[in-house]
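The values are calculated or read from the model by the stated rules, or taken from the named source; none is laboratory data. These numbers were taken from a predicted model, which means no experiment stands behind them. When we count neighbours, we look across all protein chains shown, and the Cβ atoms used for this are built from the backbone with ideal geometry, even at glycine. The protein model used for the area step is the full one, side chains on, heavy atoms only, and it has no ligands, DNA or RNA in it. Shrake-Rupley method; radii C 1.70, N 1.55, O 1.52, S 1.80 Å.
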Amino acid sequence: MNFDDTPQEAAFRAEARAWIAANAPRQYEADLRKSSLGRVGLEGADILEVAKAWQKKKADAGWACLHWPKEYGGRGASPIERVIWQQEEGVYGKLSAVFIIGHGMCGPTMMAFAAEAHKRSYLPPLASGEKIWCQLFSEPAGGSDVAGLRTRAERRGGDWIVNGQKIWTSGAHYSDYGILLTRTDPAVPKHKGLTMFFLDMKSPGVEVRPIRQASGASDFNEVYFTDVVIPDSQRLGAVDDGWNVSLTTLMNERMSIGAGVATGFPELFEFCASLMLEDGPAIEDRNVRAKLANWAVKASGLKYTSLRAISALSKGERPGPENSIGKLVAGSMVQDVAMYALDLQGAAGVMSGPEAELAGRFQAMLLRSPGTRVEGGTDEIMRNIIAERVLGLPGDIRVDKDVPFNQIPTRGRA
Ligand SMILES: Cc1cc2nc3c(=O)[nH]c(=O)nc-3n(C[C@H](O)[C@H](O)[C@H](O)COP(=O)(O)OP(=O)(O)OC[C@H]3O[C@@H](n4cnc5c(N)ncnc54)[C@H](O)[C@@H]3O)c2cc1C
């Protein structure tokens, strides 16, 4: 591993740094610096509006979706240049959260499977943040096992008629478009009868119902489809080949989510550095120091694991399992860190709102942290991936893999 920039990378970094210094919305820097997992917010401003304005400014200057081709709204930059940009963008990168699904998953899927005319019309506004996209895969009966989904698409002339329900769709309530995985042939094994589409979220028959979370926020939704009409021209990939199309989305999902998961450690360290316990500063307490030391080691392991992925990228290689490992380790770490911080806060930890200690920062982190261990693949699924693809252990037992979908026993059908 070589962490030094090449001369070209150093020049690129200097250009990015200068542009950010001249253009970033500095009035929000302090709020963004204080933002942590579960609590990214701006005092007195609508974060969605600020995020869209920043994204548009970047796009106009050629700094949006850097690694995408120019004709689709990107810069045609190398993967390592994209990493350098993210390092330089720093806290302002937190404004990109609403675009992660569109840029990280929907965009690459459209790029791989949409017709050229669609790529040229839909991708630039996606890159510039003018249009937001969501990912409509999970259902009550299809989460880890996405191929168990039941939303039906039936052909009618040159259109498809969609009926069914999705759940946990992040951002559906403010999305303009979505990519949608449906079942088109229930008489074949479950992975073989799926088809992918993209659709306008304002299409008649699409109903979005936000889900209220423990934190009070509503980040994701139930989405119902009643006789929704999708033109065949909006099909992505071949009929009944949606599983292959979805693998492109899911591979990109693991890259996007795994590359940037929070650990909560910097926030905890900062908190302990200023906290007074009954017998002195927390940072001098032996128990606190032992906990911090353990997490510092883990955080540094995660940092170098992700640098391994970056190093592979810089050599033009595909990163290996680093992101699955990163997500698995960081997901449980952030939960433990938030729980420990709340213990240190004592009774004050249950309070939230501006008057609360650190404005409920660790409480919000704790309430959001189980979601991190579930989204983009649960801990168990990450372990399966690492076991099968990295360690070469025998595969999970998949008894229904070759059974026609409509003959898999279910409670309602057994
Ligand atoms: C914050 C958040 C945002 C999300 N955003 C989206 C989104 O935008 N779009 C979307 O489509 N989905 C989204 N999801 C859904 C997410 O992809 C699913 O929740 C996830 O895949 C798990 O599926 P499930 O909830 O149905 O749980 P299940 O798959 O039912 O799992 C239940 C339990 O069984 C375990 N399990 C399942 N299969 C196995 C196995 N083979 N081996 C061992 N254990 C197993 C799981 O680990 C888990 O503990 C989001 C979820 C969260 C939490």
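Worth a mention:
- Exposure rank, largest accessible area first [223, 399, 188; 1.4 Å]: 399, 188, 223
- In degrees, nearest ten, helix 242-259 long axis to first principal axis of the chain (Cα): 0
- Surface listing: 350, 40, 245 arranged by accessible area from highest to lowest gives 350, 40, 245, probe 1.4 Å.
- Working from the Cα coordinates of the chain, the gyration tensor eigenvalues give, after taking √(5λ), semi-axes of 36, 26, 22 Å in decreasing order.
- For residue 400, no residue has an amide H sitting under 5 Å from its own, ignoring neighbours fewer than 5 places away on the same chain, with H placed 1.01 Å from N.
- Helix-only CD estimate at 222 nm, as mean residue ellipticity for the chain, using -39500 (n - 2.57) per DSSP H run (n ≥ 4): -13000 deg cm²/dmol
- The residue 374 and residue 46 beta-carbon pair, evaluated with R₀ = 25 Å, returns a calculated FRET efficiency of approximately 0.35.
- If you sort the three axes of the alpha carbon gyration tensor as a ≥ b ≥ c, you get a/c of 1.5 or more for the stretch 1-88 and a/b above b/c, which makes it prolate.
- Relative contact order computed over the chain (Cα-Cα under 8 Å; 6+ residues apart), in percent: 14
- A 1.4 Å probe over all protein chains sorts 351, 111 by accessible area into 351, 111, starting with the largest.
- Note on residue 67: accessible area approximately 70 square angstrom, rounded to 10, probe 1.4 Å, nucleic acids and ligands left out.
- Taking every protein chain into account, the accessible area of the chain amounts to 49 square angstrom per residue (probe 1.4 Å).
- Bridge orientation summary for the chain: considering DSSP beta bridges with both residues in this region, about 85 percent are antiparallel.
- Given a 1.4 Å probe and the protein chains as shown, residue 200 ends up with an accessible area of around 60 Å².
- Accessible area (Å², 1.4 Å probe, nearest 10) - residue 39: 70
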